[in-house]
Amino acid sequence: MHKSKKLEIQTKNGNLRNATFTIHEESHTLANTVRYVLAHDDDVNFVGYSVPHPSEFKVNVRVQTQQQKSSIERFDLALENLCLVTNSIQDEFKNKLEKFKEEKGIQKEEVDPFVISLKRQLRKEYKKMKANID
Amino acid sequence: MSINVGKEKISQVLDGEILEFDPNNFSENFSIEIEKLTKDRMEFVMRGIEAPLANAFRRILLSDIPTIAIETVSIKNNTSVIQDEVLAHRLGLIPINVDPKHFKYRPKQPLQQQDKNNRQEISNASEENTLLFNLHVRCLKKTDWEKIKKSRELLAQKQEKTKEMNLEKEDEEEEKEKKLKIEIEIGSESEDEEEESEIDERAKECVEKMLTQRAKTLINHRVLSSDLVWVPIGNQQTTFPKGIKPVLPDILIAKLNEGQEIDVECEAVKGTGREHAKWCPVCTASYRMLPSIKLKKELTKKVSKKLVKTCPMKVFDIEDGLLEITNSRKCTMCRECLRGDFGVELGLVKNQFYFWIESTGIIAPEELFQQALEIFKEKCLSLKNNLQNFTKKKNSNENEEEMNFD
């Protein structure tokens with residue numbers, strides 16, 4: 001399938017203070033996160049998102065800003081902040097993972113001794129059967 | 001949805017807790033603690049993050065990380081009781097132990113490429129995007145199999161006389177024999193003669209019951225995932241010198257009776273969980289919020305003892321005569337402690353998440369989480385690029401009502 005539009009922006013008379021972003025090939029995964037970041041933005045008056053229909057793979061994000069601020073800029077800033085946040089999560093996870101592996105290493109699952117014995121008996125039986133065939 | 005009119009209003013919406021989000025100070029409040037890490041499962045706690053982000057990672061783990069699974073099954077012969085489509089469905093669900101990074105997505109062919117005159121589909125399959133597997137199993141009686149073996153021995157004797165001419169034929173026959181034999185993977189543990197304990201006897205009885213009459217008189221009456229044989233195409237033999245197998249060798253695909261046969265060729269392709277659950281790299285990835293338990297009033301000794309008893313998960317304990325919350329992590333929010341008049345306040349800490357990731361075995365769980373973070377960043381960056389292109393275009397086209405762009 002030829003992939004066409006990713007992003008559409010709808011404004012009234014080109015006024016960028018209030019805009020609806022229609023993002024294709026996206027779902028709650030990204031939209032809820034962007035909405036959450038924009039909600040904590042002091043320059044943003046209103047932010048909300050919706051999935052118009054569950055069969056269609058797109059979301060609408062509505063952003064309304066204070067005077068003289070562009071909603072596109074705010075959206076852009078929100079995405080940048082998300083990238084920064086993800087970077088710090090990645091670094092933290094890497095550090096903690098290395099520490100954990102140094103200290104404890106990859107642990108083994110605890111298995112029921114009955115299960116271990118069962119597997120051993122099965123192996124014996126199957127070896128016998130294979131020997132009979134060969 | 002939130003209306004940023006005044007912070008007092010926000011506090012009403014969030015139950016009195018104002019959780020700020022400051023991307024610059026995020027790393028100060030954020031921490032991860034890994035609790036458990038095994039080959040297939042990872043459990044860890046994230047503090048200082050909120051539900052939208054944690055949920056985004058969980059959703060990506062379920063639907064956006066690519067793996068490889070069987071997609072197309074060409075059935076040459078299926079005389080078993082399992083219907084063709086059911087067999088194909090089951091084959092698709094078998095996890096295949098190969099790193100999907102080596103492969104590309106197979107492009108879906110546009111209709112124009114189908115040669116309508118010859119009714120042959122020109123496929124986009126290549127060594128870069130497809131894995132081939134063969135499954136050929138025939139169920140026979142042991143006695144019949146011995147007859148076949150004897151006749152083959154005779155043939156082999158004849159062929160030994162004319163070795164040079166028939167070297168190639170012998171190789172073919174060996175391959176056929178291998179496919180018809182039982183291929184049950186025996187682990188690397190050595191056979192030690194150990195003392196028989198009670199557990200061993202019980203296990204023996206269990207095994208006796210499992211080996212039914214059928215298993216004793218037939219060979220190959222169970223078709224297992226270990227019977228899937230990888231067929232390398234192109235230069236795949238050099239990229240995967242150790243071979244490609246399913247993650248587990250003893251997944252039961254079908255059961256056969258005497259004379260039934262399954263002869264099938266499978267093509268495995270890269271995909272994501274969004275399209276079909278067989279491509280999902282996790283059994284499940286889930287999180288829960290850590291509970292917050294507060295004691296609001298002082299209790300007498302009698303009442304404290306009662307409280308310790310009422311909690312089924314033994315969250316409370318009396319140490320040095322004082323009631324303390326020792327195992328708050330074990331709390332399952334059953335609300336038993338709220339029934340009596342103990343003054344317990346139960347809640348969830350909205351920025352602490354206990355995450356667990358159970359992998360199917362294809363990709364290690366710690367790598368899965370790192371891939372999920374990468375994919376999330378890619379999504380944000382690609383959307384950002386689109387936005388920037390949009391502003392460039394807008395600067396050249398002003399005064400338009402609706403602006404669309406690629």
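Observations on the structure shown:
- Elements of the type strands (runs of 3 or more DSSP E) sitting completely within region B:17-79 and holding at least 3 residues that are under 18 Å from the mean Cα position of the chain (by Cα) and within 30 Å of residue B:262 (Cβ to Cβ): these cover B:67-78.
- In region A:80-129, the residues that are more than 7 Å from chain B (Cβ to nearest Cβ) and among the polar types (S, T, N, Q): A:87, A:95
- Close pairs (9 angstrom Cβ cut-off, 6 or more residues apart or separate chains): within 14 Å of another protein chain (Cβ to nearest Cβ) in region B:84-108, loosely packed, with under 13 Cβ neighbours inside 10 Å and aliphatic (A, V, I, L, M) anywhere: B:108/A:1
- Meets criteria (among the hydrophobic types (A, V, I, L, M, F, W, C), under 30 Å from residue B:375 (Cβ atoms) and over 16 Å from the mean Cα position of the chain (by Cα)) for residue B:313: no
- Region A:63-79, residues that are at the interface with another protein chain (Cβ under 7 Å from one of its Cβ atoms) and surrounded by fewer than 18 Cβ atoms within 10 Å (Cβ to Cβ): A:76
- Some residue of region B:342-353 being within 21 Å of residue B:65 (Cβ to Cβ) and touching a residue at least 12 places away in the same chain (Cβ under 8 Å): yes
- Near pairs, Cβ below 9 angstrom, 6+ apart or cross-chain, from region A:23-44 (within 7 Å of chain B (Cβ to nearest Cβ) and under 17 Å from residue B:61 (Cβ atoms)) to any residue that is open to solvent by less than 10 Å² (accessible area, probe 1.4 Å) and aromatic (Phe, Trp, Tyr): A:29/B:57; A:29/B:376; A:30/B:376; A:33/B:376
- Scan of region A:4-15 for residues that are surrounded by fewer than 17 Cβ atoms within 10 Å (Cβ to Cβ) and within 9 Å of chain B (Cβ to nearest Cβ), ordered by number: A:4, A:5, A:10, A:12, A:13, A:14
- Residue count for region B:243-265 satisfying the condition of being under 20 Å from the mean Cα position of the chain (by Cα) and within 21 Å of residue B:123 (Cβ to Cβ): 1.
- On inspection, residue A:40 does not qualify as out of contact with any Lys or Arg (no Cβ under 8 Å at 6 or more places or on another chain), of a type outside the set (S, T, N, Q) and open to solvent by 80 Å² or more (accessible area, probe 1.4 Å).
- Tabulated pairs, region B:295-314, first under 19 Å from residue B:328 (Cα atoms), second among the basic types (Lys, Arg), C-beta under 6 angstrom, 6+ apart or interchain: B:313/B:330
- For the criterion of being of a type outside the set (Lys, Arg), in contact with a strand residue (DSSP E or B) (Cβ under 8 Å, 6 or more places away or on another chain) and exposed (fewer than 14 other Cβ atoms within 10 Å of the Cβ), residue B:43 fails.
- In region B:46-75, of all residues being of a type outside the set (A, V, I, L, M) and touching a strand residue (DSSP E or B) at 6+ places or on another chain (Cβ under 7 Å), the one that is most open to solvent (accessible area, probe 1.4 Å) corresponds to B:71.
- Flag for residue B:307 being in contact with a strand residue (DSSP E or B) (Cβ under 7 Å, 6 or more places away or on another chain), open to solvent by 60 Å² or more (accessible area, probe 1.4 Å) and hydrophobic (A, V, I, L, M, F, W, C): no
- The criterion of being part of a strand (DSSP E or B) and surrounded by fewer than 14 Cβ atoms within 10 Å (Cβ to Cβ) holds for residue B:324.
- Scanning region A:100-134 for residues that are among the basic types (Lys, Arg) and surrounded by fewer than 12 Cβ atoms within 10 Å (Cβ to Cβ), we see that the one that is modelled with the lowest pLDDT is A:128.
- Any chance residue B:390 is facing chain A (nearest Cβ under 7 Å), modelled with pLDDT of 95 or more and either closer than 30 Å to residue B:30 by Cβ or open to solvent by less than 30 Å² (accessible area, probe 1.4 Å) (or both): no
- The C-beta contact set for region B:379-390 (first residue in contact (Cβ under 8 Å) with a residue 24 or more places away in the chain, second residue buried (at least 18 other Cβ atoms within 10 Å of the Cβ), distance under 6 angstrom, 6+ apart or interchain) is empty.
The values are calculated or read from the model by the stated rules, or taken from the named source; none is laboratory data. For clarity, every value in this text was computed on a predicted model and none was experimentally measured. In this analysis, Cβ positions are derived from the backbone assuming ideal geometry, glycine residues included, and neighbour counts consider all displayed protein chains. Ligands, DNA and RNA are stripped out before the accessible areas are found, and what is left, the full protein with its side chains, is counted by its heavy atoms. Shrake-Rupley method; radii C 1.70, N 1.55, O 1.52, S 1.80 Å.
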